[in-house]
Amino acid sequence: MTGKLFTSVAAGAIFATASVLSPMAIAQTQPSTGNNAPTQTAPATPDATQPSTTMPQNDAQAPAPAPTTTTAQAGGYLTEQSADQISAKTYMGQSVYNGQNESIGSINDLILQKQGGVTAAVVGVGGFLGLGQKNVAVPFDKITMTQNAQDGSIKLTTTETADTLKSAPEFKTLAMQASEKAARLPATATVPGTDSTTTSSTTNK
């Protein structure tokens, strides 16, 4: 009797222990839903402003547009004169006017820099019909050009006056400078050489 009671109590204790430990065992086998467990996040929605990596990058592969120019070119050479270009020949012989619309001279030459660009316009002033005329190099930025839209003719004006140009120093080209330098050199006296050779004639007898 006592043995059966002991056995029943022992069996009840084991059953009670099993019923308590059973949820713990189940809890250990199932993934925890606490904050410590790693969570999987849904893939982020692609930003509408960012280009998709799977889409072809057409914009990046397109070549940059060539800069617009007003000069027609072929193989690096100019083929046509553009509206913002002017020939040096157009300036040659053109009258230059002052603020009172009076002609104070005409352009005889243009002085260019070797690296490019016009430095000055050589204006012939004074004289009459080219006689007694003096060349004055007027800085090119002091000459303004206006062009007639109908016939393409140009008019040159300057802030200089006839008096200032007449009193300005004369412009001398490299050839003129060399000629003046040669004229200043002392002349070397050359004595004509005397002929010291004698000639004799022999007559055959």
List, in the order given, every pair from Lys89/Lys166; Lys114/Lys172; Lys134/Lys172; Lys114/Lys155; Lys114/Lys134; Lys89/Lys181 whose Cα-Cα distance in the structure shown is over 21 Å.
Lys89/Lys166; Lys114/Lys155; Lys114/Lys134; Lys89/Lys181
How big is the dipole moment of region 115-168 about its Cα centre under a simple scheme where the beta carbon of each Lys and Arg is +1, that of each Asp and Glu is -1, and everything else is neutral? Debye, nearest 20, please.
120 debye
Region 157-180 to region 72-140: how many Å between their Cα centroids?
14 Å
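Coordinate-derived values only; no laboratory data. It should be emphasised that the depicted structure is a prediction, and the values quoted were computed from it without experimental measurement. Cβ coordinates were reconstructed from backbone atoms using ideal geometry, including for glycine residues, and neighbour counts include every protein chain displayed.
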